[in-house]
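Take a look at the structure below.
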Amino acid sequence: MIVDEFYYSRMNAAPTMFDVQQVEVLRGPQGTKFGSSALAGFINVKTNEASQETEAKIEATVGSRNTKALGVAVGGTLIEDELTARANLKFLVNDDLNFDLKVLHLNIDNGYDAFNFDNDFTTISDDPGHDRLKSNAVVLTANYNFNHAVNMKATMTKIDTTSVYGYDEDWTFEAYDVPNFAYVAFDNYIRKRKNNSLDVRFMSAEQGCIFNGYTDWVAGIHHISQNERLDRKYVSIYGGSDGYYDYNTINSSVYG
């Protein structure tokens, strides 16, 4: 995660499209810049930035099958010429230095799988299950203009995500099964993911282009640490089993 973008593939979540400025799809391996989670590509969702103009946006959604959503965005100047807010804080120290802080909270509950043999979006399960996600992300970016030739951007990120998915493996209630053969089972997956990253890049400014001023350049370092744990809890009338998967990695790269 760099500058003012949120990279949702690291959160195990599809992003909400509320208050989004643009979406970029990066095809092909992006591992050098974004780590092992981007071997096949990356989706970059850029939110709207803070502005000095006072503005507000409210969006509410109500739909079938208990669909509900609410989004609120408010922007404007807090301190004249220094601090603005719109889901993020931007501090303008001077003409050459500014800081940008973004905070994101996701709390998504997709309910349960409403499968049945009639395929009519109802369920006869005695334990329908769940599909929930909570994610918190913080991004702090510093932009500094060294001179008319070189600019610098440094970004630190922290992401903490927990997703829980469980379903009734027999899809029914006990009395529904064939007499004298009742099958009851429930499968549950708990995934916790923590990412921390640091990106420092140096870029050509207006007078810093090379090859007679026709070519821009960029160089930087990227560091990311990732911890992911998956716990599976399986219970049935024939017994149960627990298992887990724990993955930790640290990647550092130099790019240009």
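What nm value, rounded to one decimal, do you get for the distance between Tyr234 and Val74 when each label is placed 7 Å out toward the C-beta?
Result: 5.0 nm between the two label points.
Per 0.36 nm of contour for each residue apart, how much would the distance between Val20 and Asp118 grow if the chain were fully extended, relative to their Cα-Cα spacing?
Values: separation 98, 0.36 × 98 = 35.28 nm, distance 3.87 nm.
Stretched out fully, the Val20 to Asp118 stretch lengthens by 31.4 nm.
Assuming R0 = 25 Å, what is the FRET efficiency of Ala219 and Thr249, from their Cβ-Cβ distance, to the nearest 0.05?
Once the sixth-power term is evaluated, E becomes 0.55.
Across region 78-255, how many lysine pairs, 8 or more positions apart or on different chains, have C-alpha atoms separated by under 20 Å? Please give the number.
14
Which net charge results for the neighbourhood of Ala185, defined as the other residues with beta-carbon distances under 9 angstrom from its beta-carbon, given Lys and Arg at +1 and Asp and Glu at -1? Write out the running numbers ahead of the final one.
On the way: positive: none; negative: Asp168, Glu169, Asp170, Asp187.
Neighbour charge sum, excluding Ala185 itself: -4.
What is the distance, in nm, between label points placed 7 Å from the Cα along the Cα-to-Cβ direction at Gln52 and at Tyr189?
Here the answer is 4.9 nm between the modelled labels.
A short reminder: the numbers here are calculations on the coordinates, not readings from a lab. Fair warning: this is a prediction, and the values are worked out from it, not measured in the lab. In this analysis, Cβ positions are derived from the backbone assuming ideal geometry, glycine residues included, and neighbour counts consider all displayed protein chains.
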